[in-house]
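Here is the structure we will look at, set down as structure tokens.
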Amino acid sequence: MTKTGKRKVELPITAADVPAMLRQLAEQAEQGKLALGGKEIEVDEYDTFSVSFRQTKNGMRLRVKVKYGKSGQDDDSDD
């Protein structure tokens, strides 16, 4: 089944946790599914996959966004 739409997760994180979080994201992405903040995001059929770390007034936040193709869109066509 083709996925559509988008998924987003934001979590608080400390600067000291960034390297470990990047390793965790890489390992999970290889498996095709991220598990963050009690949510699972499949990353095997994405159009856009972004990870960002942002400074906020209350500290740092991790943001992961995954966008999937639109329904009926065929990216593999050679026409």
Report task. State yes or no: is residue 68 modelled with pLDDT under 90, of a type in the set (Phe, Trp, Tyr), within 10 Å of the chain's Cα centre (by Cα) and surrounded by 15 or more Cβ atoms within 10 Å (Cβ to Cβ)? Result -> no
Requested in this report: Output the residue which, of all residues in region 24-59 that are surrounded by 10 or more Cβ atoms within 10 Å (Cβ to Cβ) and of a type in the set (Lys, Arg), is modelled with the highest pLDDT.
Outcome: 54
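The values are calculated or read from the model by the stated rules, or taken from the named source; none is laboratory data. What you see is a predicted model; the values in this text were computed from it and never measured. Virtual Cβ from ideal backbone geometry, glycine too; neighbours counted across all protein chains shown.
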